[in-house]
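Beneath this line is the structure, given in structure tokens, with notes to follow.
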Amino acid sequence: MSAFLTLHEPTLRLAAFAGVLALMALLEVALPRRGRTGPRLHRWMTNVALAGAGTIVLRIAVPLLAVGVATLAEREGFGLFHWTGTPEVAAFVLSLIALDLLVYAQHVAFHKYGLLWRLHRVHHADTDVDATTGIRFHPVEILISMAIKMVAVALLGAPAGAVILFEIVLNAAAMFNHSNFRIGPAADRWLRRIIVTPDMHRVHHSIHRDEHDMNFGFNLSFWDRLFGTYRAEPREGQENMRLGLAEYPAPTPQGLGWSLMNPFWNSTNPDDTPRRERTI
């Protein structure tokens, strides 16, 4: 599997991204979970442009990327799995789990520390959460996230195929769990025992801080239960809950220029003051 993933990486990444985004968009039209507060087109253009800007920044700043680090680790034999002689299949599976835990921990850190939150609040400012919100991240946040992942891959000696699969699945999961389509209550209860569902993650985008500081998982759902950051439902219910950040009402966060410049402005929300004043 690892060889197949490495050989067909660009095709697999593009097919997964385009396919999942198109499927989620169709489901959002056919089976919407919530009513929209504004038109899609402007939001979608901004969110897709942010994802494109992040990709360009990565390619310019760190062309090696996490997969390149994994390939280098395999060639040079460094990292935990190489030093301990971990079997290939075990290293593959353990890498997927470890990287998912890393994303959970990183997400918590981006909420907890002021300088990181300034970047991450661009993601949370979206007032109509849907599949494109899953790719709406400030380019500097994407750059920092990749740097963290590269260090983790180097320390683990993660197989290149595992890194590729993890990134494909993470990207697809982000679009899925941010999507605005209706899953039946019974199916949602079963799914969220393993993976993060849209209803589970939507709580994380609540306008209330005590709710948006919960449900940090992006793929596997049990990290939140394990570390005590799980909240089943928002206080106002899924269809009536308010999304976004109180200090940035629609339609302001839908602008690309605003989204790029927002981390460099101070928040005016009193509820955000304790977090904003904290430093790394």
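Taking every alpha-carbon pair under 8 Å whose residues sit at least 6 apart, the chain reaches a relative contact order of 29 percent. Residue-normalised convex hull volume from the C-alpha trace of the chain: 133 Å³ per residue. Return the whole-Å distance between the Cα centroid of the range 109-135 and the Cα centroid of the range 208-244. Each part reduced to its Cα centre gives a spacing of 14 Å. Highest average first, the peptides 177-186, 73-82, 126-135 ordered by how many other beta carbon atoms sit within 10 Å of their residues are 126-135, 177-186, 73-82.
Report, to the nearest 10°, how far helix 40-61 tilts away from the longest principal axis of the Cα atoms in the chain, using its own Cα long axis and a range of 0 to 90°. Result, in degrees: 30.
Find the Cα radius of gyration of the range 94-245, compare it with 2.2 N^0.38 Å by division, and give the number to two decimals. Let's see the in-between values first.
On the way: Rg = 14.9 Å, N = 152, 2.2 N^0.38 = 14.8 Å.
Cα-based Rg divided by the globular estimate yields 1.00.
When +1 charges are put on Lys and Arg Cβ atoms and -1 charges on Asp and Glu Cβ atoms, the dipole computed for the chain relative to its Cα centre reaches about 300 debye. Against the chain, whose longest principal axis comes from its Cα atoms, helix 9-30 is set at around 20 degrees.
To the nearest ten degrees, helix 139-156 and the longest principal axis of the Cα atoms of the chain are 30 degrees apart. Taking amide H atoms as placed 1.01 Å from N in the peptide plane, the amide H of residue 206 lies under 5 Å from those of 212, each 5 or more residues away in sequence or on another chain. Here, the range 139-222 has an Rg and a Dmax of 14.8, 41 Å when only alpha carbons are counted.
A short reminder: the numbers here are calculations on the coordinates, not readings from a lab. Fair warning: this is a prediction, and the values are worked out from it, not measured in the lab. Backbone-built Cβ (ideal geometry, glycine too); neighbour counts: all protein chains shown.
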